[in-house]
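The values are calculated or read from the model by the stated rules, or taken from the named source; none is laboratory data. Bear in mind that the values here come from a model prediction, so they are computed numbers and not experimental data. Every residue, glycine among them, receives a Cβ derived from its backbone with ideal geometry; neighbour counts consider all protein chains shown. Remember, those area values only see protein heavy atoms, side chains included, never the ligands or the DNA or RNA. Shrake-Rupley method; radii C 1.70, N 1.55, O 1.52, S 1.80 Å.
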Amino acid sequence: MATEQPTSTTRAGLAPGAATGDATAVAHPNIALIKYWGKRDERLVLPWTDSLSMTLDVFPTTTRVRLDPAAGQDTVTLDGVPLEGEPRRRVVAFLDLVRERAGRASRAVVETRNTVPTGAGLASSASGFAALATAASAAYGLGLDATGLSRLARRGSGSASRSVFGGFAIWHAGQPDHGADPDLGSYAEPVPVPVDELDPALVVAVVDAGPKAVSSREAMRRTVDTSPLYRPWAASSQADLADIREALRRADLDAVGEVAERNALGMHATMLAARPAVRYLSSATVTVLDAVLELRRSGVSAWATMDAGPNVKVLCRRAEADRVAGVVREAVRGGSVHIAGPGPAARLLDADA
Ligand code: PMV
């Protein structure tokens with residue numbers, strides 16, 4: 001039976017679009033099983049391919065946006081430390097977009113608390129921009145539904161479009177010729193999955209929590225522009241998506257894992273073939289991949305996926321997650337290992353909660 005997926009909520013008692021001037025939201029990271037890699041429009045953050053993910057129940061980001069009409073500029077802090085440089089510029093550009101849509105000039109104070117290691121390929125930008133989109137649209141009174149929030153979050157970071165939803169979500173690339181406004185065609189939506197039957201967990205092996213050497217933005221650009229493997233991967237990814245949707249519908253974890261692992265390895269192959277090559281995978285990554293293979297040989301269903309960093313997420317059955325985590329912990333030595341299940345949608349927190 002399909003499990004109903006939670007969608008984004010608005011604060012009770014408020015008319016849609018009413019600006020609160022002060023809103024706090026929480027969102028969780030997601031891990032793509034079919035990857036997003038490569039933009040066809042950098043300004044609008046429109047991808048070449050559809051992607052599909054599971055939102056996690058660990059590592060939430062909480063963001064408060066408070067309008068400050070007297071301020072001359074935005075104040076942005078992450079875990080109490082003022083953001084500077086490119087990370088600050090991205091948040092301010094996002095607020096400018098919200099202000100333009102709201103027709104309001106007020107600057108804001110943005111306070112973010114992250115529980116995920118920032119910049120380590122663990123999708124802190126996904127939870128970060130999903131929380132920022134949810135809080136900022138409420139503070140400025142945009143009155144968006146979940147689809148609108150997903151489109152908006154996409155502008156901050158593509159993967160954030162999926163973190164607006166809980167459970168499993170698909171992000172539609174949209175058609176290149178989608179009428180006059182291509183923004184409208186590209187958003188995420190929940191994928192109905194028999195979650196209890198599938199019983200999925202992702203064992204997250206943090207082998208290196210440091211920031212990545214090449215941003216995913218730059219790495220995607222280089223891959224699309226120079227990798228001879230990019231187009232073939234994009235085409236095969238569309239087929240992978242159809243296969244994984246069917247496997248999810250059947251609650252066939254082995255089939256889901258097999259498709260997810262080949263899709264991720266293919267994505268990394270496109271980067272390795274870029275000029276110059278982008279290599280996020282380290283020797284520690286390969287050690288974990290060996291352990292995953294060993295688990296499979298011993299009859300445990302375990303499948304790996306990696307993003308823009310060396311960390312590995314292992315898809316397995318929740319019932320076997322402790323065993324998988326134990327084997328992975330042995331393999332990473334010194335790193336940390338976390339067990340995640342399907343998590344909730346982005347949501348506003350009550351002002352007095
Ligand atoms: O977080 P972004 O929007 O810069 O994109 C990162 C993309 C991957 O994490 C590598 C894959 C994905 O679909 O999340």
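Would you mind telling me which numbered condition in (1) of a type outside the set (A, V, I, L, M); (2) in the same structural domain as Leu315 (by TED's automatic domain parsing); (3) within 16 Å of the ligand (Cβ to nearest atom); (4) under 19 Å from the mean Cα position of the chain (by Cα) Trp171 fails?
Unmet for Trp171, out of (1) of a type outside the set (A, V, I, L, M); (2) in the same structural domain as Leu315 (by TED's automatic domain parsing); (3) within 16 Å of the ligand (Cβ to nearest atom); (4) under 19 Å from the mean Cα position of the chain (by Cα): (2).
Answer yes or no: is there a residue in the stretch 47-66 that is assigned to a helix (DSSP H, G or I) and farther than 30 Å from Val259 by Cβ.
No, the stretch 47-66 has no match at all.
So which residues in the stretch 184-198 are over 17 Å from the mean Cα position of the chain (by Cα) and crowded, with 17+ Cβ neighbours inside 10 Å, if there are any at all?
Result: Val193, Val195, Leu198.
Is it true that some residue in the stretch 224-233 is under 19 Å from Lys313 (Cβ atoms) and either in contact (Cβ under 8 Å) with a residue 60 or more places away in the chain or away from the ligand (no atom under 16 Å from the Cβ) (or both)?
No: zero hits.
Taking Ile339 as meeting all but one of (1) crowded, with 24+ Cβ neighbours inside 10 Å; (2) touching a helix residue (DSSP H, G or I) at 6+ places or on another chain (Cβ under 6 Å), write down the number of the exception.
The one condition Ile339 does not meet is (1).
Return the residues of the stretch 142-184 that are out of contact with any helix residue (DSSP H, G or I) (no Cβ under 9 Å at 6 or more places or on another chain), in contact (Cβ under 8 Å) with a residue 24 or more places away in the chain and more than 26 Å from Val92 (Cβ to Cβ); say none if nothing qualifies.
The answer is Gly166, and nothing else.
When the residues of the stretch 45-88 are filtered to those that are without any contact (Cβ under 8 Å) to a residue 12 or more places away in the chain and of a type in the set (A, V, I, L, M), which remaining residue is least open to solvent (accessible area, probe 1.4 Å)?
By that ranking, first place goes to Leu83.
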